[in-house]
Amino acid sequence: METELKNCREKNYEELDLKDDFMFGKVMQDEELTQKLNGAVEEARLNEKWRLEYIKERLYYEEMRKEAYEEVYEEGERAGVGKGIKIGIRVYQAIQEGKKDDRQIAESVGCTIEEVETVRKQMEE
């Protein structure tokens with residue numbers, strides 16, 4: 001068993017198969033079960049219908065994830081998140097350029113003094 005365990009650990013990832021229980025660092029004991037599992041996996045890999053169904057499902061979930069992302073992004077834009085980030089960047093740049101007066105920064109950036117103060121507080125954290 002120790003020799004088999006050592007051989008299992010020396011294999012490259014590509015060389016591992018279902019016989020190798022690499023997650024737990026030991027070799028499966030039931031050779032017959034291992035052969036059945038390998039056969040079933042190979043059959044599934046070669047089954048065109050299963051592969052097409054898998055691809056269809058994957059594309060469906062990717063599309064759903066994309067739509068959810070776009071929906072959340074649009075909600076953020078409606079809530080002013082994008083505008084807030086743009087203002088924050090411009091205020092930060094004005095401060096980095098050495099502007100000290102919050103009123104001057106607010107006027108040049110096109111925001112409120114409170115927004116400038118918020119950015120200053122965030123920069124201090």
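Points to keep in mind about this one:
- For CYS111, no residue has an amide H sitting under 5 Å from its own, ignoring neighbours fewer than 5 places away on the same chain, with H placed 1.01 Å from N.
- In this calculation the C-beta distance from GLN93 to GLU57 is compared with R0 = 41 Å, giving a FRET efficiency of 0.35.
Rule-based calculations on the coordinates, nothing more; no lab input. Bear in mind that the values here come from a model prediction, so they are computed numbers and not experimental data. As a convention, Cβ positions derive from the backbone with ideal geometry for all residues, glycine included, and neighbour counts pool all protein chains shown.
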